[in-house]
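The next block holds one structure in the form of structure tokens; read it before the comments.
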């Protein structure tokens, strides 16, 4: 996996155009993540704020006249049949009875298992793009239901807006987040989300935040945390090292269950200056926060 340097990175979301063959799959950050309980079936109840980033994967689709779904390029560590992109396309076929297929190319820029939603975003873009290309005409809500069957983070990418999320992540409410730039670092480790959520010392009783129309979202974010972070950094010292380095620029935080960590900057220049100071062996990227998915207008609400 390679990452863009400050000199070569070009924003994606702000420049993605729908009149070409490329369909974007933006990264996301969990600006905070609280575990507020647990359901009888073992799933954890969460509160989190999702924000998209101006950086991500790209997918290309060629509609087939038969019903075959193929990922046409190799992806290290991910077989085609287990790829969420292929599974999403097949799920859309099954839900709609679509008789068309697709050849799918996935240009992977986001780290696999990095906590920035790469696989979930790829799946959501597949649902949005093929619903458009196959003319299956499902609503956003219907696509979100299919997405939830693929993973808890898929619906927010279909929803397409910065969101306050509750439940297992499927109950979404649009929020406005102040403009910001982010430096995201990706430690060279693979975190097992299942292991983190099953850890006996994981906090599972954080008091839920009540979001009201008068809530100052930035104050809420500043006073929150990622409940998964203490468990994860204890298991993965490399994440702790990256957080420690990043904390010199302010409040550094882990996204999701890891491994990626981030810090907030007021402008692009300050974020890129920090990126240029990265020690040898650390990798990352700079991106602007985006409140709207670049494919938001591709499907009716």
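The values are calculated or read from the model by the stated rules, or taken from the named source; none is laboratory data. Since we're looking at a predicted model, the values are computed, not measured. Counting neighbours? That spans all protein chains shown, and the Cβs are built from the backbone with ideal geometry, glycine included.
Summary table below
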| quantity | calculated |
| --- | --- |
| Where a residue in segment 278-295 is under 19 Å from residue 49 (Cα atoms) and its partner, wherever it lies, is modelled with pLDDT under 95 and buried (at least 20 other Cβ atoms within 10 Å of the Cβ), with Cβ under 6 Å and at least six apart | 290/13; 294/13 |
| Members of segment 83-105 found to be touching a strand residue (DSSP E or B) at 6+ places or on another chain (Cβ under 7 Å), crowded, with 24+ Cβ neighbours inside 10 Å and under 28 Å from residue 285 (Cα atoms), listed by number | 85, 104 |
| Identity of the residue in segment 23-58, loosely packed, with under 15 Cβ neighbours inside 10 Å and outside any loop (DSSP other than H, G, I, E, B), that ends up modelled with the lowest pLDDT | 38 |
| Within segment 207-301, helices (runs of 4 or more DSSP H) holding 1 or more residues that are at pLDDT 95 or above and surrounded by fewer than 18 Cβ atoms within 10 Å (Cβ to Cβ) | 229-235, 237-246, 268-275 |
| Index of the failed condition, residue 88 passing every other in (1) touching a helix residue (DSSP H, G or I) at 6+ places or on another chain (Cβ under 9 Å); (2) part of a strand (DSSP E or B); (3) under 13 Å from residue 126 (Cβ atoms) | (2) |
| Checklist (1) surrounded by 18 or more Cβ atoms within 10 Å (Cβ to Cβ); (2) over 18 Å from residue 59 (Cα atoms) applied to residue 137, failing item | (1) |
| Per-region count, segment 62-85, residues out of contact with any helix residue (DSSP H, G or I) (no Cβ under 6 Å at 6 or more places or on another chain) and either closer than 26 Å to residue 186 by Cα or part of a loop (DSSP other than H, G, I, E, B) (or both) | 14 |
| Residue, farthest from residue 208 (Cα to Cα), within segment 221-243, restricted to residues that are free of Cβ contacts under 8 Å to residues at least 40 places away in the same chain and in contact with a strand residue (DSSP E or B) (Cβ under 8 Å, 6 or more places away or on another chain) | 243 |
| Filtered residue count, segment 124-165, keeping only those that are under 11 Å from residue 48 (Cβ atoms) and either touching a helix residue (DSSP H, G or I) at 6+ places or on another chain (Cβ under 6 Å) or modelled with pLDDT of 95 or more (or both) | 5 |
